[in-house]
Amino acid sequence: MITIILTFFPSLAIVFFVIKSDKFKEPVKLIVEAFILGCLICFPAGLLNNLLIWSTDDPEFFSFLAGLTEETLKFLALSIFIRPKSEFNEPMDAVVYGTLISLGFATFENYEYVYVYFDNVPPIEIAIVRALTAIPLHASCGIIMGCFLGMHVFRNSDFAIFKALLYPIFFHAAYNYLVGENLFLFIIFFVFTLIYTVFLYTKIRISQENKQKEEEEKLN
């Protein structure tokens, strides 16, 4: 039971927090769809990761490429399936749906890591480690992606669209590389990632709190 809670609760807790902190609530149907969409992109991500990482002679070295495959798929899911929706009508929406997609992905991936991939490691150990590291990392990437995509769509910031993709790729790739190379640098980088994420999220939240109505014009 504890393992099950640790596997699923951290992702769902962050999802709940982000949804509840949104001043203008999103429709439940689209919330569920975005989360499921995140789960579904685990399948093409798995195929790409097998091709680029696990089929190589040194998969640990190439693990950073998961940042490229996984964050690109999240970005495409957010841009192609969520961005055109009429409910996607302010910068905070990009953060909410970016987080939902990212944590949908993380939840399904967590299940695979805890219950499928490793027979020689106690599931509860994997669940604890990922609850403290991988889940916050995926959440951070979703928030960062959403913040910059929202700036691009609603603030007419051209360079933000590149940051929406490249920053999450960088943070994810650096996380994967450092976790197996240098624990000290990994901890410093991980703390920096969380601080940067909170900074961006707080900035978007303050901007939303000052609004009287939700709808904004899509400028891009």
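Rounded, prolate or oblate: pick one for the chain, where a ≥ b ≥ c are the square roots of the eigenvalues of its C-alpha gyration tensor, a/c under 1.5 means rounded, and failing that, prolate if a/b is larger than b/c, else oblate. Let's see the in-between values first.
Numbers: a/c = 1.76, a/b = 1.58, b/c = 1.11.
It is prolate, given that a/c is not under 1.5 and a/b is the larger ratio.
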So for Arg130, Arg155, Arg83, what's the accessible-area order with a 1.4 Å probe, most first? Arg155, Arg83, Arg130
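Sum up the lysine pairs in segment 1-159 that clear both bars: alpha-carbon distance under 20 Å and a spacing of 8 or more or different chains.
6
Would you rank Lys203, Lys211 by solvent-accessible area, highest first, keeping every protein chain in place and using a 1.4 Å probe? Before the final figure, lay out the partial values.
Details: Lys203 120, Lys211 30 Å².
These residues rank, largest area first, as Lys203, Lys211.
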Ignoring everything but the protein chains, give the 1.4 Å probe accessible area of Tyr97 in square angstrom, nearest 10. 0
Build a GNM of the chain with springs between Cα atoms under 10 Å: which of Asn182, Asn50, Asn120 gets the top mean-square fluctuation? Asn120
Mean-position separation - Cα centroids, segment 141-158 and segment 173-209, in angstrom: 17
Based only on the alpha carbon positions, what is the Kirkwood hydrodynamic radius of segment 139-220, in angstrom? 13.8
Out of Pro168, Pro44, Pro27, any idea which swings most in a Gaussian network model of the chain, alpha carbons joined below 10 Å? Pro27
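Under a Cβ-Cβ cut-off of 12 Å, what is the net charge of the residues other than Ser102 that fall near it, where Lys and Arg count +1 and Asp and Glu count -1?
On the way: positive: Lys74; negative: Glu70, Glu71, Glu109.
For residues surrounding Ser102, the net value is -2.
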For the chain, with all protein chains present and a 1.4 Å probe, just round the carbon and sulfur fraction of the accessible area to a whole percent. 72
For segment 30-130, alpha-carbon Rg and Dmax in angstrom: 15.2, 48
Once phi is turned into θ = phi - 60°, what whole-Hz ³J(HN,Hα) does the Karplus curve with 6.51, -1.76 and 1.60 give for every residue of segment 172-183, x standing for Gly and Pro? 5, 5, 5, 4, 4, 6, 6, 4, x, 10, 8, 4
List the residues of segment 1-25 whose backbone N lies under 14 Å from a point placed 7 Å from the Cα of Ile124 along the Cα-to-Cβ direction. 1-7
Between 0 and 90°, nearest 10: helix 65-77 axis offset from the chain longest Cα axis: 30
Quick one: angle between helix 2-21 and the longest Cα principal axis of the chain, in degrees between 0 and 90, rounded to 10, please. 20
Heavy-atom accessible area per residue - segment 1-134, 1.4 Å, Å²: 50
Please give me the summed charge of the neighbours of Ala164: other residues whose Cβ is under 13 Å from its Cβ, Lys and Arg +1, Asp and Glu -1. +2
What whole-number distance in Å separates the alpha-carbon centres of segment 85-121 and segment 1-77? 3
Mean-square fluctuation check for the chain, GNM, Cα pairs under 10 Å: which of Leu132, Leu100, Leu68 is largest? Leu132
Karplus-derived HN-Hα couplings along segment 132-142 (A = 6.51, B = -1.76, C = 1.60, θ = phi - 60°), whole Hz, x at Gly and Pro: 8, 10, 5, 5, x, 5, 4, 4, 4, 5, x
Relative contact order (%) - segment 124-214, alpha-carbon pairs under 8 angstrom, separation at least six: 31
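Net charge near Leu149, counting Lys/Arg +1 and Asp/Glu -1 over other residues with Cβ under 10 Å of its Cβ? Walk me through the intermediate numbers first.
On the way: positive: Arg83, Lys163; negative: Asp93.
Charge balance near Leu149 sits at +1.
The values are calculated or read from the model by the stated rules, or taken from the named source; none is laboratory data. Only a predicted model underlies this, so the values are computations on that prediction, with no experimental measurement involved. Here the Cβ is made from the backbone with ideal geometry for all residues, glycine too, and neighbour counts use every protein chain on show. Accessible surface areas use protein heavy atoms only, side chains included; no ligands, DNA or RNA. Shrake-Rupley method; radii C 1.70, N 1.55, O 1.52, S 1.80 Å.
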